[in-house]
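Chemist: One structure, pasted below without further comment.
The values are calculated or read from the model by the stated rules, or taken from the named source; none is laboratory data. Just so you know, these numbers come straight off a predicted model, no measurement behind them. For neighbour counting, all protein chains shown are included, and Cβ atoms are generated from backbone atoms with ideal geometry for every residue, glycine included.
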Amino acid sequence: MDMEILSWNCRGICNDATTRALKDLISQNRPQIVFLCETKISRKEDFDRLHRALGFVHAEAVLSEGQSGGLGLFWNDDIQLRMGTTSAHHMDAVVVGDPGSPSWRLTGFYGHSRTVERDRSWRLLRDLSDLDSLPWVVIEDFNEILNNGEKFDGPIRAERQMRGFREALGYGDLLDLGFHGTKSTWWNSETKLRLDRAVCTPAWIDIFGYAKVIHLPPSDSDHIPILLRASTVPIAKQTRSHRFKFEAFWLQHPDCDPLVKET
């Protein structure tokens, strides 16, 4: 089944302007699943009010602690979704396939914002990878970049800060799905970064052979919304090709830096 998944770090949803912006995004893109992070919703009644406003049949929340964090997942009856583990930094679920189609995992992820806590994000990603072997896609705000090519303006980011992210993706055999649209997904007065993305296992891309990530226009937050279009194609008709995969240990090779500089 083809589907669209809308994901957004909304930076607080309990105000009329952001709620209207989200409803417009849903109306324009018609996603079957919506994942929100940094909802800043700490009360169940406020989340229930948002649930009713968005019009989805089903919803699950991880409430925020005060005005920090908060996650939400929304879906309708045309999706068979079974919730799994949740925390302040993730929501894990299994999307049950139609008869004859495989089931797969969807994880909405929200990385720790403080650099000193970033290792906890990568430990969580490893733990989630160990849960089962279903085809798997992870989407949203990882709060880190893979390399300095994803940073625009401002000082160069330390290599050691990005290495943990790359190694966590390598551990889970997770591939970056790339994107269409603007290069950055978050900005402040000093820099722009690509913090929001979707990554998946090779088994997931074997199901959704024409998957595409679209960076949508800015919408009432300093993070742009992203849309994952998961398109299926019979596996027998897929054109298989070699996919480049960066290995973090290459950085340890003495010829790595000279080769990069020469190229």
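Chemist: Across the range 11-42, what is the number of residues that are assigned to a loop (DSSP other than H, G, I, E, B) and at pLDDT below 95? Lay out the reasoning, then the answer.
Modeler: Taking the range 11-42 first, the residues assigned to a loop (DSSP other than H, G, I, E, B) are 11-15, 30-32, 38-42.
Checking which are at pLDDT below 95 leaves us with 11-15.
Final tally of qualifying residues: 5.
Chemist: Quick check, is L227 modelled with pLDDT of 95 or more, part of a strand (DSSP E or B), touching a helix residue (DSSP H, G or I) at 6+ places or on another chain (Cβ under 8 Å) and surrounded by 14 or more Cβ atoms within 10 Å (Cβ to Cβ)?
Modeler: Yes: the conditions hold for L227.
Chemist: Another one. Can N147 be described as free of Cβ contacts under 8 Å to residues at least 40 places away in the same chain and touching a helix residue (DSSP H, G or I) at 6+ places or on another chain (Cβ under 8 Å)? Talk me through it step by step, then tell me what you get.
Modeler: On the way: free of Cβ contacts under 8 Å to residues at least 40 places away in the same chain: yes; touching a helix residue (DSSP H, G or I) at 6+ places or on another chain (Cβ under 8 Å): yes.
Answer is yes for this residue.
Chemist: Only one residue in L131, L106 is surrounded by fewer than 22 Cβ atoms within 10 Å (Cβ to Cβ) and not acidic (D, E), so which one is that? Talk me through it step by step, then tell me what you get.
Modeler: Values: L106 fails: surrounded by fewer than 22 Cβ atoms within 10 Å (Cβ to Cβ).
None of the others qualify; the one that does is L131.
Chemist: Select from the range 64-87 the residues that are part of a strand (DSSP E or B) and modelled with pLDDT under 95 and write down the one among them that is nearest to D24 (Cα to Cα). Quick ask: steps written out before the conclusion?
Modeler: In the first step, residues of the range 64-87 are kept if they are part of a strand (DSSP E or B); the result is 65, 68, 71-75, 81-87.
Filter again for modelled with pLDDT under 95, leaving 65, 68.
Working: E65: 28, S68: 25 Å.
Only one residue tops the list, namely S68.
Chemist: Moving to a separate point now. Testing G97 on (1) free of Cβ contacts under 8 Å to residues at least 60 places away in the same chain; (2) in a loop (DSSP other than H, G, I, E, B); (3) under 21 Å from L134 (Cα atoms), one condition comes back false. Which one is that?
Modeler: Every listed condition holds for G97 apart from (1).
Chemist: Picking from L106, L54, which residue would you name as being touching a helix residue (DSSP H, G or I) at 6+ places or on another chain (Cβ under 7 Å) and at pLDDT 95 or above? Steps first, answer last, please.
Modeler: Working: L106 fails: touching a helix residue (DSSP H, G or I) at 6+ places or on another chain (Cβ under 7 Å).
Testing whether each residue is touching a helix residue (DSSP H, G or I) at 6+ places or on another chain (Cβ under 7 Å) and at pLDDT 95 or above leaves just L54.
Chemist: Right, next: Those residues that are within 20 Å of F56 (Cα to Cα) and out of contact with any Phe, Trp or Tyr (no Cβ under 8 Å at 6 or more places or on another chain), I need them from the range 107-127; list them, please. Full working, then the answer.
Modeler: The initial filter retains those residues of the range 107-127 that are within 20 Å of F56 (Cα to Cα), namely 107-108.
Once the filter is applied, which keeps residues that are within 20 Å of F56 (Cα to Cα) and out of contact with any Phe, Trp or Tyr (no Cβ under 8 Å at 6 or more places or on another chain), the range 107-127 yields nothing.
Chemist: Output the strands (runs of 3 or more DSSP E) that fall wholly within the range 136-217 and possess 1 or more residues being in contact with a Ser or Thr (Cβ under 8 Å, 6 or more places away or on another chain), crowded, with 20+ Cβ neighbours inside 10 Å and of a type outside the set (G, A, S), or say none.
Modeler: 136-141, 196-200
Chemist: Filter the range 47-63 down to residues that are outside any helix (DSSP H, G or I), more than 20 Å from the chain's Cα centre (by Cα) and small (G, A, S), then give me how many there are.
Modeler: The number of residues fulfilling the criteria is 1.
Chemist: So in the range 100-126, with the set limited to residues that are small (G, A, S) and not in a helix (DSSP H, G or I), which one is farthest from R163 (Cα to Cα)? Break it down stepwise before answering.
Modeler: Of the range 100-126, the ones small (G, A, S) are 100-101, 103, 108, 111, 113, 121.
Keeping just the survivors that are not in a helix (DSSP H, G or I) gives 100-101, 103, 108, 111, 113.
Values: G100: 40, S101: 36, S103: 31, G108: 22, G111: 15, S113: 16 Å.
By that ranking, first place goes to G100.
Chemist: Further question: What are the residues in the range 185-220 that are among the polar types (S, T, N, Q) and more than 14 Å from the chain's Cα centre (by Cα), if any? Break it down stepwise before answering.
Modeler: Taking the range 185-220 as the starting set, the residues that turn out to be among the polar types (S, T, N, Q) are 185, 188-189, 191, 201, 219.
Result: N188, S189, T191, S219.
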